[in-house]
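**Q** Please read through the structure below; I'll follow up with questions.
Where a number appears in this text, it was derived from the coordinates with a stated rule and is not lab data. From a predicted model like this one, the values you see are computed outputs, not experimental measurements. Every residue, glycine as well, gets a Cβ built from its backbone with ideal geometry; the counts of neighbours run over all protein chains shown.
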Amino acid sequence: MKRLVAMLLVLAPLSVLPAPVRAAPNLPLIRDAEIEHIIRAYSAPIFAAAGIAANDVKVHIVNDPRINAFVAGGRHMFINTGLLMGANDPSIVIGVIAHETGHIVNNHLIRLRAAIEEAQVRQIITFILAGAAAVAARDGQAAGAVISLGQRITAGTLFQYTQGMETEADRFALETLDRMGVTSKGLEVLLETLSHQEALLSEMQDPYLRSHPLTPERVRGVRRHLQRSRFTNKKSPENLKLLHSRLRAKLRGFLLPPERVRQLYAGKEKTAEARYALAVAYHRDARTDRALELINSLIREKPRDAFYIELKGQILIESARINEAVAAYGTAVRLAPNEPLIRTEFAHALLQMRDRSRNREAVSHLIYATRRDSTNAMAWRLLGIAYGRVRDIGNASVALAEYYLLVGNKKEVRRNVQRAERHLRRGSPAWRRVQDIKGTYASQNRRRGLFDRRRRAPSDDNRERKTR
């Protein structure tokens with residue numbers, strides 16, 4: 001019995017945790033400077049109204065065509081590309097961000113964790129009762145009946161608990177949007193969209209409907225608010241509409257089949273949105289000249305638009321036109337100096353030149369990028385390469401240890417930490433960072449002494465790999 005109860009303690013969380021929270025570590029995330037810039041434009045006023053510093057919440061874009069958004073892991077918000085592309089007005093996305101911020105402000109993750117722990121206790125009690133029933137009746141069916149009943153009670157309790165959280169998050173969103181002078185109509189539009197899916201089998205529904213229970217009271221609450229709000233019929237500002245059209249165009253260009261993109265924008269080729277999406281689609285179809293023709297037409301209209309120029313740089317570098325790509329990225333960095341992802345792309349192009357004089361330049365851009373965004377795995381990897389090119393093995397190893405820590409390669413974290421310690425001056429800033437990495441690694445793996453020198457692998461001083 002003790003062994004089975006122990007097994008239940010291990011397995012229970014998997015049965016009660018909401019699916020999006022479980023899946024978060026393995027989500028197919030995408031990074032794009034412009035899309036993240038637009039999401040910040042949507043979310044910053046909401047976070048400010050909620051009294052949250054904008055940098056305290058990390059918003060991630062998930063490459064998933066289904067409608068979904070959720071918070072997990074503390075102050076991490078995840079938004080599916082399906083929601084972004086499906087929303088025909090920015091107020092829908094803004095409403096969803098306000099709702100998810102309500103979950104953060106009201107500490108719903110912490111409260112849900114407590115509810116889950118209570119549910120685990122209920123399951124253990126149910127299991128013990130099932131064992132007693134089986135012994136008393138000498139019938140395994142009795143145990144099954146008790147377990148089934150206990151699972152229904154646990155699931156029902158958690159469902160009621162999350163319903164209350166959804167109503168609370170709605171209330172926060174509606175009040176916050178009113179304080180901002182923004183319509184809550186977007187939330188109603190989303191609820192109406194989801195209501196049409198309720199009759200579908202659960203596997204056919206968008207995950208947002210399953211993780212955010214849609215109840216009549218929620219719908220009524222939003223509609224009652226819209227009846228009395230002064231901002232119900234307020235239109236989204238034109239600048240946000242323009243940003244949203246660019247966001248959708250870029251996502252469609254990169255995520256939909258090129259032929260589908262051409263069908264969507266047939267007859268609209270003169271609009272900026274269509275040319276933006278088509279430039280990406282033609283690039284993916286290896287029709288570089290046509291892609292450059294379209295993006296250049298947009299740049300002529302907005303010569304100081306860093307994101308148009310960044311896309312031109314991407315088209316050029318992926319077409320092996322390195323020198324032209326460096327020029328484009330250099331211009332984009334000058335126009336948007338605070339965008340770490342553009343700096344990372346520029347550094348990548350510089351390293352492609354195989355020019356020693358440009359390696360130091362790449363290092364400086366990547367140091368800036370990693371300081372602004374320490375979760376940018378590609379920037380850390382490129383920084384390791386750039387340091388290797390300038391023969392700074394110690395710092396190269398630190399950067400690669402950061403990279404492998406982010407991607408979860410335990411063996412390479414250890415290898416690069418050990419190499420860094422051999423090449424760095426003890427007590428230097430880089431050496432102290434290595435100690436931090438060791439602590440983070442040990443904490444993540446719940447083990448001590450992973451880097452104890454008595455347990456080190458054989459020295460590989462003579463087996464240093466050439467950094468490419």
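**Q** Name the residue farthest towards the positive end of the dipole of segment 321-423 from the options LEU350, LEU400, SER364, assuming +1 on Cβ of Lys and Arg, -1 on Cβ of Asp and Glu, about the Cα centre.
**A** It is LEU400, whose Cα lies furthest towards the positive end.
**Q** With r defined as the distance between the Cβ atoms of ASN107 and ASN323 and R0 fixed at 41 Å, what FRET efficiency is calculated, to the nearest 0.05?
**A** Once the sixth-power term is evaluated, E becomes 0.20.
**Q** Pop a pseudo-label 7 angstrom from the Cα along the beta-carbon direction at both LEU255 and THR375 and give the gap in nm to one decimal.
**A** Here the answer is 1.8 nm between the modelled labels.
**Q** Once phi is turned into ³J(HN,Hα) by the Karplus curve 6.51 cos²θ - 1.76 cosθ + 1.60 with θ = phi - 60°, what whole-Hz value does each residue of segment 47-59 show in order, with x for glycine and proline?
**A** Along segment 47-59, the couplings run 4, 4, 5, 8, x, 10, 5, 4, 6, 7, 10, 9, 9 Hz.
**Q** Pull out the extension gain between ASN88 and LYS270, defined as 0.36 nm times the separation in residues minus the alpha carbon to alpha carbon distance; nm, one decimal.
**A** 63.5 nm
**Q** Let me ask something else. Just to confirm a number: summing +1 for Lys and Arg and -1 for Asp and Glu over residues other than GLU301 whose beta-carbon lies under 14 angstrom from that of GLU301, what do you get?
**A** +4
**Q** Something else: Under a cut-off of 20 Å between alpha-carbon atoms, report the lysines in cross-link reach of LYS411, not counting same-chain residues fewer than 8 places apart.
**A** List returned: LYS438, LYS466.
**Q** Taking θ as phi - 60°, what are the ³J(HN,Hα) couplings along segment 411-428 by the Karplus curve (6.51, -1.76, 1.60), each to the nearest whole Hz, with x for Gly and Pro?
**A** Computed from phi, the couplings for segment 411-428 are 4, 6, 4, 4, 4, 6, 5, 5, 5, 4, 5, 6, 10, 9, 6, 4, x, 5 Hz.
**Q** Below 28 Å, Cα to Cα, which lysines can LYS241 reach? Residues fewer than 8 away in the same chain don't count.
**A** LYS58, LYS185, LYS250, LYS268, LYS270, LYS302, LYS312
**Q** Near the amide H of HIS60, under 5 Å away, which other amide H atoms are found, from residues 5 or more places off or on another chain, if H is placed in the peptide plane?
**A** Those qualifying (amide H under 5 Å, at least 5 residues apart or on another chain) are MET77, PHE78, ILE79.
**Q** Based on the alpha-carbon set only, what is the convex hull volume of segment 316-421 divided per residue, in Å³?
**A** 89 Å³
**Q** Where in segment 73-108 does the label zone of PHE231 land, with the point 7 angstrom along Cα→C-beta and an amide N cut-off under 19 Å?
**A** 88-106, by backbone N distance to the label point.
**Q** Could I ask something else about it? Based on Cα coordinates alone, diagonalise the gyration tensor for segment 359-424, multiply each eigenvalue by 5, take square roots, and list the semi-axes in whole Å, largest first.
**A** That gives 17, 15, 8 Å for the three semi-axes.
**Q** With 13 Å as the cut-off, how large is the P(r) tail for segment 244-316, expressed as percent of Cα-Cα pairs?
**A** Here the tail beyond 13 Å accounts for 59 percent of pairs.
**Q** Next question, about the same structure. Can you figure out the FRET efficiency of THR440 with ASP355, using R₀ = 45 Å and their beta-carbon distance, to the nearest 0.05?
**A** 0.80
**Q** Same structure, new question: Using the scaling law 2.2 N^0.38 Å as the reference, what is the normalised Cα Rg of segment 249-391?
**A** Ratio of Cα Rg to 2.2 N^0.38 Å: 1.10.
**Q** For an R0 of 60 angstrom, estimate the FRET efficiency from the Cβ-Cβ distance between ALA430 and GLU175 and round to the nearest 0.05.
**A** Working from the Cβ atoms, E equals 0.80.
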